[in-house]
Amino acid sequence: MTPNSLILSIETSCDETAVAITSGYKILSSLVTSQIKDHQPYGGVVPELASRKHITALNYLIDEALTGAKVGFADLSAIAVSKGPGLVGALMVGMAAAKTLAFSLDIPLIPINHIEAHIFSVMNNYKELKPPFLCLVVSGGHTMIVLVRDFGDYQLIGQTLDDAAGEAFDKVAKALGLPYPGGPEIEKAALKGDENSYKLPKPMLDRDNYDFSFSGLKTAVVYLLRKLEGSSQFSVRSSQPDIAASFQKAVTDVLTVKLMRAAKQYSIDKISMVGGVSSNNYIRSHLKAEAAKEGIKLYLPDKDLSTDNAAMVGMAADYSFKQQKFSDLKESVNPNLALVKSGE
Ligand code: KG4
Ligand code: ZN
């Protein structure tokens, strides 16, 4: 029997610096420092700033993660790191740190696809979950439905043709004068709004495929705002809740309908939803209700594992560790790394 691995994982693909220690699907420590405050004045992530902030945060987080897990460098079996997709400079910081640790401790290096790491984020809650299942990945950079035929064996069923769902949340929030990142802000504003106040388009809903498109929905909100601005009683602040609620409903309907349709067509009775957008309570409860209606079991990560973190990297790495899938020090980052090679 393979002994349980003790893996230190590093995640620096965007604006969160994260380090975790995991053993199998058990999380011994998981630390995330967000750079949101640094990027907020610019209304989005500034890549060069993200790289520099990763450099200053990483050593401290590595020490704290080891202390939190009550282990030392000598106890580690491998170092895992997000190889991509993400911001090239940000990824390079994590990769350089991971290679240095693997070399100096003389233990294996495990490069991990960040999207695959999100797929593994549910495993901490559901260690018994076995493929096949359908996974909806909804983050700031990606929106896709993946058929997990087996761990490491993925089929892309559909994906966004333009903006990711999280990106649409961020852009609509900006148009409404809400700060970055927009997802949690829209969710909060929507609590005070009426989701039926504006009829917004539900893109791609009538198409017989599993692709998404959120750019048109964002544009519809911008046009709606322009139209409302013409009226004398209008103020962006007072219209925020109703627009936020209507937008959130449109995104939720599209995501839910497409995922449930895919489950039916592929005769799959297990679905999961992962990535930053999956921390949204409205989307969670809507999907839960629809899944229950269809007798489908829904698997959700804890909210702190929905958004970027290193524990999910560690859980994905454990699978590679058991398969002895290691890399050498020639490994490099790939900002455009795909989950599935085209044609598969
Ligand atoms: O997975 P993630 O942390 O990073 C990427 O890999 O992209 O996702 C970040 C995205 C952002 O676009 C953010 O606005 C969105 O997830 N997000 C949310 C919520 N929390 C974060 N979107 C909707 N509702 C939320 N509560
Ligand atoms: Zn992510």
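The values are calculated or read from the model by the stated rules, or taken from the named source; none is laboratory data. Note that this is a predicted model, so its numbers are computed, not measured. Every residue, glycine as well, gets a Cβ built from its backbone with ideal geometry; the counts of neighbours run over all protein chains shown.
Just a few scattered comments:
- Residue satisfying all of: in segment 281-311; surrounded by fewer than 23 Cβ atoms within 10 Å (Cβ to Cβ), of a type outside the set (A, V, I, L, M) and touching an Asp or Glu at 6+ places or on another chain (Cβ under 9 Å); nearest to THR17 (Cα to Cα) among these: ASN281
- VAL254 fulfils the conditions (1) touching a helix residue (DSSP H, G or I) at 6+ places or on another chain (Cβ under 7 Å); (2) surrounded by fewer than 23 Cβ atoms within 10 Å (Cβ to Cβ) except for a single criterion, (1).
- Filtered by the rule that a residue be modelled with pLDDT of 95 or more, of a type outside the set (A, V, I, L, M, F, W, C) and touching a Pro at 6+ places or on another chain (Cβ under 7 Å), segment 38-95 gives LYS83, GLY84, PRO85, GLY86, GLY89.
- Every residue from segment 1-24 that is at pLDDT 95 or above, surrounded by fewer than 24 Cβ atoms within 10 Å (Cβ to Cβ) and part of a loop (DSSP other than H, G, I, E, B): LEU6, GLY24
- Taking the numbered list (1) farther than 24 Å from ALA292 by Cα; (2) aromatic (Phe, Trp, Tyr); (3) out of contact with any Ser or Thr (no Cβ under 8 Å at 6 or more places or on another chain) in turn, PHE214 passes all entries but (3).
- Qualifying residue in segment 30-48 (condition: over 24 Å from the mean Cα position of the chain (by Cα), more than 15 Å from ligand 1 (Cβ to nearest atom), surrounded by fewer than 20 Cβ atoms within 10 Å (Cβ to Cβ) and touching a residue at least 40 places away in the same chain (Cβ under 8 Å)): no
- Flag for ASP38 being among the charged types (D, E, K, R) and touching a Lys or Arg at 6+ places or on another chain (Cβ under 7 Å): yes
- If you go through segment 268-309 and pick out every residue that is more than 8 Å from ligand 1 (Cβ to nearest atom), out of contact with any Leu (no Cβ under 9 Å at 6 or more places or on another chain) and of a type in the set (Asp, Glu), you end up with 4.
- Test: residue in segment 312-323 that is polar (S, T, N, Q) and over 19 Å from THR17 (Cβ atoms): yes
- Close Cβ contacts (under 8 Å, 6 or more residues apart or on different chains) running from residues in segment 196-221 that are without any contact (Cβ under 8 Å) to a residue 60 or more places away in the chain to residues that are among the aromatic types (Phe, Trp, Tyr) comprise LEU200/PHE247; PRO203/PHE212; PRO203/PHE214; MET204/PHE212; LEU217/PHE247; VAL221/PHE247.
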